[in-house]
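The values are calculated or read from the model by the stated rules, or taken from the named source; none is laboratory data. These figures come from a predicted structure and were not determined experimentally. Note that each Cβ is placed from the backbone with ideal geometry, even for glycine, and that neighbours are counted across all protein chains shown. The accessibility values were calculated without ligands, DNA or RNA, using every heavy atom of the protein model including side chains. Shrake-Rupley method; radii C 1.70, N 1.55, O 1.52, S 1.80 Å.
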Amino acid sequence: MQQTKIAIIGQGYVGLPLAVEFGKKYPTVGFDINQARIAELREGKDSTLEVEPELLARATQLSFTHELQDIADSTVYIVTVPTPIDSAKRPDLTPLEKASAAIGSVLKKGDTVVYESTVYPGCTEEVCIPILEKTSGLTFNQDFYAGYSPERINPGDKEHRLPSILKVTSGSTPEVADYVDALYSSIITAGTHKAPSIKVAEASKVIENTQRDANIALVNEFAMIFHRLGIDTNDVLEAAGTKWNFLKFKPGLVGGHCIGVDPYYLIQKAQSVGYYPDVLMAARRINDSMDSYVADQVIKLMVRKGINPVQAHVLILGLTFKENCRDLRNTRVVNIVHALQSYNANVDVFDPWVDVAEVQHEYGLTPIEAPEQGAYDAIILAVGHDEFKQLGSRGVRAYGKPAANIVYDVKQVLPRAAIDGRL
Ligand SMILES: NC(=O)c1ccc[n+]([C@@H]2O[C@H](COP(=O)([O-])OP(=O)(O)OC[C@H]3O[C@@H](n4cnc5c(N)ncnc54)[C@H](O)[C@@H]3O)[C@@H](O)[C@H]2O)c1
């Protein structure tokens with residue numbers, strides 16, 4: 001039997017950890033069109049901070065390239081490119097289409113292409129396979145095969161790593177499904193779940209994130225109701241959470257690459273078959289409105305304390321879309337900045353995790369190097385980085401002007417009695 005040689009297309013948050021695990025056992029090439037990314041990986045550095053240099057070094061059979069020819073002799077191609085949405089919130093399949101066309105140009109008889117990118121049910125077979133067939137001139141399920149195995153990693157989470165997260169697998173024929181399942185079983189210690197079809201595996205991933213989105217929207221709605229009723233949402237959630245089947249979600253901003261994006265893939269697919277998913281769309285609408293809700297709450301609290309929001313000096317602690325992670329994609333904190341700026345407030349953003357040049361490039365904002373003590377009218381703790389938790393309420397409050405200031409805790413990490421407001 002031919003030796004398994006793996007190429008992983010896309011070396012980002014998902015592709016690199018996967019390449020590292022496969023690269024411990026099989027000849028593996030990490031391919032990316034971003035040459036700067038390939039250059040840093042060749043130097044043993046991962047700017048996403050997902051893979052430590054020691055771990056990278058352990059993948060002794062792993063190499064990196066931006067040249068398509070270097071992956072031409074692979075037998076398995078695994079696709080981990082982004083699946084974003086466009087400005088009208090429609091799925092943007094361009095990276096997936098381009099990656100499929102590139103693979104098609106080097107695809108050979110007997111090869112298998114496995115997609116990991118999050119998509120809607122049907123995308124692999126309706127969009128990607130026809131591109132592979134067209135660019136390779138080969139016939140699907142006769143000359144080459146496909147699989148889909150969604151990724152479940154959680155950036156910044158050092159506890160749940162790729163090998164310790166059970167993985168769903170699937171294949172385009174029963175034999176290929178067995179092959180794909182065995183391949184992943186060889187690196188995933190937590191085990192695998194072989195889904196009955198590619199479509200089922202695709203659907204399973206998109207509903208995992210859509211379910212989270214809807215659950216968070218529900219508690220965000222609770223938070224807005226309870227605020228009007230003068231009850232603390234966290235107190236209510238704590239009480240309700242004592243029931244065995246109450247789901248423990250917290251109110252918050254929904255940013256990032258997955259939960260705020262993936263539901264749109266399912267929404268669009270549902271609409272294309274004549275179903276308008278009201279619950280999914282309402283969840284998106286509620287979660288997308290939470291940033292302006294936070295800004296409005298902060299403005300109200302300032303006005304109530306006699307602090308004029310116009311020209312007020314506001315400090316926002318944290319910019320990334322989640323704690324202890326450098327990922328800035330679709331962060332909703334930027335919308336809080338803009339909402340406050342629309343009141344003519346002067347907003348400083350401080351986040352020890354971010355790359356300043358990346359923030360400037362992506363959002364046209366320049367985060368400050370360090371906040372000044374006693375300088376701010378309002379401080380918003382927007383991201384629960386460990387650094388901010390360690391500051392505690394006193395440390396956070398110390399950035400406020402001694403005469404009057406407000407502290408708002410979006411992440412509910414500070415003691416309630418020590419702050420002015422929280423979600
Ligand atoms: N980040 C997560 O936590 C996570 C978790 C589960 C699933 N996913 C899904 O996995 C997929 C990848 O996400 P990510 O976070 O790794 O994205 P990413 O942006 O971190 O990485 C994607 C990489 O693909 C490269 N790329 C883009 N087009 C390419 C092409 N045509 N050929 C080769 N390389 C190309 C980019 O340069 C980038 O390095 C998405 O579908 C995402 O929804 C992400």
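Just a few scattered comments:
- Cα gyration tensor, region 6-196 - rounded (a/c under 1.5), prolate or oblate: rounded
- Lysines with Cα under 27 Å of K24, excluding same-chain neighbours fewer than 8 positions away: K5, K45, K108, K109, K158, K167, K194, K205
- Rounded to whole Hz, the Karplus (6.51, -1.76, 1.60) HN-Hα couplings of region 162-168, x for glycine and proline: 2, x, 9, 10, 4, 10, 7
- Cleavage-rule hits (GluC sites (Glu not before Pro)) in region 131-163: DSSP loop, at most 13 neighbouring Cβ within 10 angstrom: E159
- The chain, Rg to Rh (Cα coordinates; Rh as Kirkwood inverse mean 1/r): 1.01
- Just the protein heavy atoms count here, and of the accessible area of region 344-404 at 1.4 Å, carbon and sulfur take up 45 percent.
- Farthest toward positive dipole pole in the chain [+1 Lys/Arg, -1 Asp/Glu at C-beta], among S136, L247, G30: L247
- Carbon and sulfur %, accessible surface of region 6-196 computed with the full protein complex present, 1.4 Å: 53 percent
- Interchain or long-range residues, amide H under 5 Å from I380's placed H: L315, I316, L317, Y408
- For region 367-423, applying the loop criterion from DSSP together with a ceiling of 11 other beta carbons within 10 Å to the chymotrypsin sites (Phe, Trp or Tyr not before Pro) yields no site.
- Exposure rule at most 11 other beta-carbon atoms within 10 Å, DSSP loop trypsin sites (Lys or Arg not before Pro): the chain longest free segment: 249-423
- Placing unit charges on the Cβ atoms only, positive for Lys and Arg and negative for Asp and Glu, gives region 1-54 a dipole magnitude near 280 debye about its Cα centre.
- Region 6-196 - accessible surface per residue (Å², probe 1.4 Å): 41 Å²
- Evaluated on region 5-100, the Kirkwood hydrodynamic radius is 13.6 Å, with distances taken between all distinct Cα atoms.
- Accessible area expressed per residue, region 296-423, with surrounding protein chains retained (probe 1.4 Å, Å²): 45 Å²
- Region 11-64 pair-distance distribution - Cα-Cα, 5 Å bins, rounded %: 5, 24, 38, 26, 7, 0
- Residues whose amide H lies under 5 Å from that of I78, counting only those 5 or more places away or on a different chain, are A7, I8, I9, V114; hydrogens are built 1.01 Å from N in the peptide plane.
- Centroid-to-centroid separation of region 357-423 and region 20-63 [C-alpha atoms, Å]: 36 Å
- Sequence-ordered 3J(HN,Hα) estimates for region 31-48 from the Karplus curve with 6.51, -1.76 and 1.60 and θ = phi - 60° stand at 10, 8, 7, 7, 5, 5, 5, 4, 4, 5, 5, 5, 7, x, 10, 10, 6, 7 Hz, glycine and proline given as x.
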